[in-house]
Amino acid sequence: MTARQSSEPLTRRELTRARADAAARRTEYRHRLIQRTPGIGDRGHHRPFVGGSLLMIASLLALAWVAAEQPGLPGHFANDEGTIISVNRGTFTEADSSFQLIAAVYRWMGLAEMPTLAALVGVASYLLVLTVAISRTRTTTAEWVDWAIIICCVALAAVYHGAYTKDLLTVGAVLTLVVNRGRGLPAELVPVAAMLLYAQGFRTYWFLVAGLYLALRLALRARRGWTATLALILVLYAGLSVVFPLVVGVDLDHYRLMVNEHRTAESVNTLIVQFFPGAGPVSGFVNSVLTFASFVIPIPLMLRGGAIYLVVALVLLAIWGSLIAAIRSARIRAPRGSSVLTAFQNRLFAAILAFLIVQSIFEPDYGSFLRHLTPMLIVAVCLLLSLRPGATGASARRGPTSAACRRGQRPVGTTDAAATRTSAATRAQENGPAAASTPAVESAW
């Protein structure tokens, strides 16, 4: 032991990393013990089976409830469905182009006069993409809270996709995000192309989602702490607050105010109002940022939305809280100076942030926000599962534990080792035993 090591106390980061290494060694030892001793740890190994079974049951119940025409659901959840039916029957010719196009899609599918089958197709397509997202990770690492979140996503799909909806094709853009785990130009450009196509045909604000996604994707390549990430988001809002008046000629939150001009809190109980009434770039900036915050911490939805929205708000808190905790854990596990998130995880994270920023600018009420957010929750689930220790090893070929792994599991006895050594046990926990002898982590690019 050197003089420095004996005289200087461990820093907070060194202590945290040492604890993470020790936890990784304990987990690896437990996994080996389970493999050698049948019956030990079966409770954890049963989690994917139990969680998958509950997911299947929830999916069947959701489909049955939709087939029964969603009994008990308030009528205002079917506003879009009524518009699409009217367009298909030719009784609402003044509908905007997005409704005209989605009505044409349903006619092309032969579902224009088959609302129940169309509802089942909508929920089934959501469940299919959700299943693909889950399959991109190792479900053995999923926690009970993860399975609870997944089942809540199924319930939201039954509510918001169990009818004629413009979000039918949003899951297509989501699919391009969750299916491409690799790096390279195709993996980067395919999701952008899907966003642009969806924007061209259905919701033009997805052009802005695509632009912000690219900006965040580039900015998040570097290792950034929470302070830097929040600062980046504020910089994007500040830029949009200046660009909107100069290019579009309106304030940042103009379109929300325009839609809500003739609406009241009595007619729409989840109406998004200005937190600080005013006009101009500063007002648009402040109110849009606070709306973003209310999406992450949905206190207004809890207070004004009623029982259904209260439950949904708690689900959102669980999702965002779990994501923040998982990213924090990944930061602790990551070697100093290396990327915290892989390229795949960075794409998912950038897409979620870009979507929330754009929704905070345009959404007129929290109910509409939840409807549009439901497909993107698949992206959040995929990111959450991929961040669990060991989840990224799903695509890696597993092999016997190497000598380097065994050497890396010796106790940490020095300050320098706690501060600078990338534990082989940590790599084995994150990426499978085969990765224990690999010194580098996947690049964020």
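The values are calculated or read from the model by the stated rules, or taken from the named source; none is laboratory data. All of these numbers come straight from a predicted model, not from anything done at the bench. For neighbour counting, all protein chains shown are included, and Cβ atoms are generated from backbone atoms with ideal geometry for every residue, glycine included.
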Among (1) modelled with pLDDT under 85; (2) of a type in the set (Val, Ile, Thr); (3) under 18 Å from residue 353 (Cα atoms), which single condition is residue 291 missing?
-> (1)
Specify which of the listed residues (82, 72) is over 15 Å from the mean Cα position of the chain (by Cα), surrounded by fewer than 16 Cβ atoms within 10 Å (Cβ to Cβ), assigned by TED's automatic domain parsing to the domain that holds residue 53 and on the phi > 0 side of the Ramachandran plot.
-> 72
Counting only residues that are in a helix (DSSP H, G or I) and not β-branched (Val, Ile, Thr), which one in segment 125-140 is surrounded by the fewest Cβ atoms within 10 Å (Cβ to Cβ)?
-> 128
Looking at this structure, is residue 285 more than 21 Å from residue 191 (Cβ to Cβ) and assigned to a helix (DSSP H, G or I)?
-> yes
All but one of (1) in a helix (DSSP H, G or I); (2) closer than 30 Å to residue 185 by Cα hold for residue 221; which doesn't?
-> (1)
For segment 207-227, name all the residues that are exposed (fewer than 13 other Cβ atoms within 10 Å of the Cβ) and of a type in the set (Gly, Ala, Ser).
-> 222, 225
Out of (1) surrounded by fewer than 18 Cβ atoms within 10 Å (Cβ to Cβ); (2) within 24 Å of residue 219 (Cβ to Cβ), what's the single condition that is false for residue 255?
-> (2)
Of the residues in segment 150-178 that are in a helix (DSSP H, G or I) and among the hydroxyl-bearing types (Ser, Thr, Tyr), the one that is nearest to residue 79 (Cα to Cα) is 160
Do you know which residues across segment 332-364 are among the charged types (D, E, K, R) and either in a helix (DSSP H, G or I) or surrounded by fewer than 22 Cβ atoms within 10 Å (Cβ to Cβ) (or both)?
-> 333, 336, 347
Scanning segment 57-73 residue by residue, those touching a residue at least 40 places away in the same chain (Cβ under 8 Å) and in a loop (DSSP other than H, G, I, E, B) turn out to be 69, 70, 73
Given (1) modelled with pLDDT of 75 or more; (2) in contact with a helix residue (DSSP H, G or I) (Cβ under 9 Å, 6 or more places away or on another chain); (3) more than 30 Å from residue 204 (Cβ to Cβ), where does residue 49 come up short, assuming only one miss?
-> (2)
Out of (1) touching a Phe, Trp or Tyr at 6+ places or on another chain (Cβ under 6 Å); (2) without any contact (Cβ under 8 Å) to a residue 60 or more places away in the chain; (3) not in a helix (DSSP H, G or I), what's the single condition that is false for residue 277?
-> (1)
Among the numbered conditions (1) surrounded by 19 or more Cβ atoms within 10 Å (Cβ to Cβ); (2) modelled with pLDDT under 90; (3) under 19 Å from the mean Cα position of the chain (by Cα), tell me where residue 163 comes up short.
-> (3)
Can you name the residue in segment 179-197 that is in contact with a Ser or Thr (Cβ under 7 Å, 6 or more places away or on another chain) and assigned to a helix (DSSP H, G or I) and, of all such residues, is surrounded by the most Cβ atoms within 10 Å (Cβ to Cβ)?
-> 191
Give me the pairs: first residue in segment 204-221 and among the basic types (Lys, Arg), second residue surrounded by fewer than 22 Cβ atoms within 10 Å (Cβ to Cβ), beta-carbon distance under 6 Å, and six or more apart or on different chains, which are they?
-> 221/444; 221/445
Kindly indicate whether any position in segment 243-258 is in contact (Cβ under 8 Å) with a residue 24 or more places away in the chain, assigned to a loop (DSSP other than H, G, I, E, B), under 19 Å from residue 354 (Cβ atoms) and of a type outside the set (Val, Ile, Thr).
-> yes
Restricting segment 230-242 to residues that are of a type outside the set (Gly, Ala, Ser) and in contact (Cβ under 8 Å) with a residue 12 or more places away in the chain, the one nearest to residue 339 (Cα to Cα) turns out to be 232
Unique residue being under 19 Å from residue 315 (Cβ atoms) and surrounded by fewer than 22 Cβ atoms within 10 Å (Cβ to Cβ) when the list is 145, 105 | 145
